[in-house]
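Nothing in this text is a laboratory measurement; each read-out follows from the coordinates by a stated rule. This one's a predicted model, so the numbers in the text were calculated from it and none came from an experiment. Glycine also receives a Cβ, built like all others from the backbone with ideal geometry; neighbour counts cover every protein chain displayed.
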Amino acid sequence: MNKAITDGLVLMPPPFSAGLDQWSSGDGTAGSPSYAGAANAALVAADADFGGCLELQKTESIQKLRHFGETPVLPGCYLRITARIKAMSGNLPSVRIAAWAGAAGGNNLIGAVQTGPSVALSQYGQVVTVSAILGTGSRGGVDMTWGLGAIYAHVGLDLTGPNNGVVRIDDLVVEDITAAFHRDMMDWVDVRDFGAIGDGVADDRAAFLAADAAAQGRQILVPAGSYRIDGNLVLSAPVRFEGTLVMAPEHRLQLTRGFDFPTYARAFGGDDAGLRRAVQALMQFTDHVVLDLRGRRVRLEAPIDVQALSGGQDSFEMRRVITNGQIDIQEGPAWEPETLSRSATYNPAQPRTLSGLTGVAQIPVGARVTGQGVGREIHVTARNIGAGSLTLSQPLHDAEGTQTYGFTRDRHAFDFSGFDKASKWEFTNIEFLLKGEASGIMLPPEGTTNRIADCVFNRPRARAITSIGRGCQSIFVERNQFISNEMSMKAQDRVTMVMNINANDARITDNRANRFACFCVANGSGHIFSGNHFFGGDSEPQGIRQPGLVLTEPNLKTTITGNYIDNCSVEWTNEHAADPSVVGFSFGGLTITGNIFTVNGVAPWFRWLVIKPFGPGQFVNGLNISGNVFRTINGQIERVELVDTSLAGLEFGLFRNITVQGNAFNGVQQIMQNPVTLRHDQNTAQGAWTISPGPFLPFGGWARNVTAVVPRGEITGPDGTRRSDMPYATVQIGPENNQIRLNWAQAAQGSVLVTVRVDNPL
């Protein structure tokens with residue numbers, strides 16, 4: 001690079017023959033004395049060595065020679081000032097290149113080195129060449145480093161040493177030698193050329209900004225060193241970091257080009273710091289919505305509090321994506337769960353509040369709550385320190401009064417609990433190596449359409465995805481793989497879960513989960529569970545199985561379609577109701593279609609579908625179980641479904657709108673169906689035929705309706721005469737109300753097909 005050529009800059013001072021009025025015996029600034037008419041200066045027209053030159057007698061302790069003209073000093077540009085000189089008579093002086101550093105406003109740049117190395121003249125008539133290099137950057141070979149404060153120079157030289165010597169000086173030469181420091185065809189600018197020091201102490205922010213301004217599409221080079229940046233730093237040019245940055249936590253680095261994890265890791269000297277700074281930048285400017293890990297492994301040493309990196313934002317609802325890499329948890333105390341207990345009071349009139357606590361400030365938001373009457377996956381959503389109260393993610397079902405509650409705060413790789421609301425965050429193509437040390441992602445208290453897709457959660461400590469409130473509204477959990485930390489344990493001893501849901505409209509599709517205590521505990525309604533395979537088995541003979549999917553909203557307009565429900569059950573409860581005896585629509589709005597249910601090596605009492613009421617008066621109101629395959633391997637089970645009456649039963653007399661049809665049963669002793677059509681053969685003439693459809697009716701319900709009676713051949717009386725009358729049906733007979741009676745006008749015998757329902761279809 002040569003600025004005299006590329007930019008047409010005038011660097012060379014004029015020859016002395018152009019007039020000594022252009023040369024100063026002072027600093028070269030306006031008003032300083034000139035050599036025009038000076039007694040100790042004269043022009044020589046034809047010197048044998050120099051041709052035209054200046055003859056100068058030294059009369060001052062420092063005899064200055066400065067050009068009045070302002071030679072421009074540009075960031076990244078290096079100038080070499082050269083003089084040829086010889087002693088003619090008198091005392092022999094020393095000579096050095098010198099220049100006055102001009103700053104804004106015509107002021108001298110205080111503190112700048114403004115002289116080059118000194119050379120002593122040792123004999124008369126010998127031509128001596130002296131030179132010095134001037135530039136803005138601190139680089140090897142630069143004699144006068146001025147930084148960004150200087151904008152021009154009055155170039156020249158000094159004579160020092162004894163007075164009264166006479167010298168002759170050839171015309172001064174100023175040349176751009178930037179090429180000595182850079183490649184001839186460079187595609188980068190070096191921050192050192194703009195004044196960066198890199199000692200970890202001096203603030204290099206201005207140098208970085210100047211380099212960015214000068215880059216003009218080229219790359220910025222940050223050489224080895226430690227560069228303190230005292231403030232936010234926004235760089236528009238791509239950056240190559242060989243050195244590292246030192247920035248206060250509240251200051252952010254925003255790379256508007258080359259925004260990716262590897263660049264941030266190099267900038268801050270490590271994976272953990274680099275990822276945090278990249279996430280910080282992701283939330284602070286809009287040029288990028290995607291943080292690409294570039295297929296890299298990120299060694300994460302402690303949880304990432306996402307809100308703490310947001311610059312104090314309580315709500316963040318712009319789409320942001322973290323993608324394409326691996327989060328590798330590093331073992332250490334930062335991942336240890338926090339556990340504590342407190343006495344608190346629960347009033348069902350305030351169903352999501354615990355009150356009367358001391359030390360509320362010590363109970364972290366996101367803590368999982370345990371205690372009498374506390375359902376599964378209850379978390380602290382918010383806290384009111386002044387009031388001594390906590391807000392819970394769900395009501396408690398039987399906890400009125402005061403008791404001691406336990407609080408467990410698990411540590412997650414990405415923790416959004418500090419936000420009031422966060423929406424549209426996406427994690428895609430990430431492998432979480434959790435190593436039994438950490439959980440995966442803690443969702444915010446509020447938020448919509450967050451998405452986790454195509455990820456692998458390997459060995460979470462407690463939970464892969466935790467919802468502590470309604471931050472799971474309309475969540476997408478798609479095509480992920482979940483691998484348990486409890487693979488070798490018996491199914492009943494596992495405690496690790498994949499996820500939980502507190503809000504509505506979740507889309508849980510095409511995931512695979514292996515050997516967790518539970519795949520999902522889901523409150524809310526409007527969910528779609530589709531294409532998932534969750535396996536909860538073990539190698540124990542006659543093994544115990546846990547629920548793989550727990551639904552805690554009684555009327556939930558949810559579909560479970562096309563899943564592989566493997567060695568675990570679907571459990572449907574109302575445990576998250578503040579008063580489980582309040583009926584409303586009760587259990588309904590559920591469609592279970594086209595699934596594969598399988599189990600192996602279990603006791604005969606295992607059931608795939610379990611309804612567990614937590615209060616009296618509940619019933620089934622809208623349920624479709626169709627087109628599923630139920631298969632037992634290595635044994636048989638008694639039936640598919642069960643009502644868990646450990647807390648309450650169902651009101652069979654209120655069953656409505658239940659369809660159970662088109663299912664396949666293998667290794668199941670008793671199938672279920674509704675409506676069920678049975679063949680009844682009456683071999684002796686009777687006026688009342690008793691028929692028992694009860695074993696076929698789902699959930700042990702009553703035989704409530706007969707919708708069809710079709711004779712199979714001739715109905716005859718005792719004497720063999722044909723009967724043409726039709727019977728009427730009596731329903732809900734027998735000790736369990738699960739039989740019907742066909743009543744004939746006279747004793748009859750024969751065979752009929754009878755269709756019976758467990759419900760009222762309308």
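Quick one: give the max-minus-min coordinate of the C-alpha atoms of the stretch 561-668 along each principal axis, largest first, in Å.
41, 25, 23
Run the simple label-point estimate for Ala48 and Leu654 please: 7 Å along Cα→C-beta, distance reported in nm.
Each label point lies 7 Å from its Cα, and together they span 12.6 nm.
Among DSSP beta bridges lying fully in the chain, give the percent that are antiparallel, nearest 5.
Just about 45 percent of them are antiparallel.
Return the loop-located GluC sites (Glu not before Pro) in the stretch 290-353 (DSSP other than H, G, I, E, B) with at most 12 other Cβ atoms within 10 Å of their own Cβ; answer none if there are none.
Glu331
Considering only DSSP states other than H, G, I, E and B, which GluC sites (Glu not before Pro) in the stretch 627-712 qualify as loop sites with at most 14 other Cβ atoms within 10 Å?
Answer in residue order: Glu638.
Per the Kirkwood definition applied to all pairs of different Cα atoms, how many angstroms is the hydrodynamic radius of the stretch 676-757?
The Cα-based Kirkwood calculation yields 12.8 Å.
Would you mind computing the Rg to Rh ratio of the chain from its alpha-carbon coordinates, Kirkwood style for Rh?
1.31
Check which residues have an amide H placed less than 5 Å from Asp230's amide H, if you skip close sequence neighbours.
Asp204, Arg205
Any idea how far apart Asp719 and Thr59 come out in nm if each label point goes 7 Å out from Cα toward Cβ?
It works out to 16.5 nm between the two label points.
In debye to the nearest 20, how big a dipole does the stretch 125-188 give about its Cα centre with +1 on each Lys and Arg Cβ and -1 on each Asp and Glu Cβ?
Charge dipole, the stretch 125-188, about its Cα centre: 180 debye, nearest 20.
What longest region of the chain stays clear of chymotrypsin sites (Phe, Trp or Tyr not before Pro) that DSSP places outside H, G, I, E and B and that have at most 14 other Cβ atoms within 10 Å?
Answer - 286-584.
Starting from the Cα-Cα distance between Arg712 and Ile596, subtract it from 0.36 nm times their residue separation and give me the gain in nm to one decimal.
The Arg712-Ile596 span can extend by a further 38.2 nm.
If the reach is capped at under 17 angstrom between alpha carbons, list the lysines near Lys58, excluding any in the same chain fewer than eight residues apart.
Within reach: Lys86.
For the stretch 188-301, what is the Kirkwood hydrodynamic radius in Å, using each pair of distinct C-alpha atoms?
Evaluated on the stretch 188-301, it is 13.9 Å.
What does the extension gain come out to for Val113 and Ile544, with contour length at 0.36 nm per residue minus their alpha carbon separation?
So the extension gain works out to 146.9 nm.
So what's the projected area for the stretch 281-380, the Cα convex hull averaged over all directions, in nm²?
9.4
Find which of Leu647, Gln284, Tyr227 sits farthest along the positive direction of the dipole of the chain, computed with +1 on the beta-carbon of Lys and Arg, -1 on that of Asp and Glu, about the Cα centre.
Leu647
Explain nothing, just the number: dipole magnitude of the chain about its Cα centre with +1 on each Lys and Arg Cβ and -1 on each Asp and Glu Cβ, in debye rounded to the nearest 20.
Computed about the Cα centre, the dipole is about 1640 debye.
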